[in-house]
Amino acid sequence: MVTELKYRLDAGTLEHLAAKELHRNEVAFVNIATVQPIGFAPYEEDRVAGGFILIDRHSNATVGAGMIRFALRRAANTYSQSFEVTKTARAAERTKTRTAMVYRSLRRRQIHYR
């Protein structure tokens with residue numbers, strides 16, 4: 001859902017223009033909100049994960065398309081992480097052994113892994 005129309009972009013001059021509504025084929029910068037969190041990447045980094053379309057929920061018609069530049073808010077429990085794993089690091093991880101220590105209590109059994 002579009003929550004805020006920031007401004008419309010003049011296609012000829014690239015000037016930012018004030019707008020309260022958009023007409024067919026106009027380009028604008030907007031804020032959007034989703035019902036549930038979604039995974040995405042900025043369009044400049046990943047064209048697939050950074051692009052989207054807006055579909056009217058009543059008619060199922062496509063009413064817009066867009067590119068995500070950045071998130072408005074970041075959750076406190078998410079962060080970027082490099083997923084590059086080298087062959088050496090993978091081999092080292094495979095050689096580790098797992099051990100389990102079992103503690104018994106009167107209420108429940110607790111298992112701690114190391």
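Label zone of E4 (point 7 Å out along Cα→Cβ, amide N under 13 Å): in the stretch 22-39 this covers 29-33. Each of the peptides 16-23, 32-39 was scored by the mean count of other Cβ atoms within 10 Å over its residues; in descending order, highest first, they stand as 16-23, 32-39. Figure the gain on full extension for N25 and H58 (residue separation times 0.36 nm, minus the Cα-Cα span) and round it to one decimal in nm. Gain in length upon complete extension: 9.8 nm. Distance from the alpha carbon centroid of the stretch 44-65 to that of the stretch 1-18 works out to 18 angstrom.
Computed from the coordinates by the stated procedures, all read-outs in this text should not be read as laboratory data. Keep in mind that this is a model prediction, so the values were computed, not measured. So basically every Cβ, Gly included, is an ideal-geometry build from the backbone, and we count neighbours across all protein chains shown.
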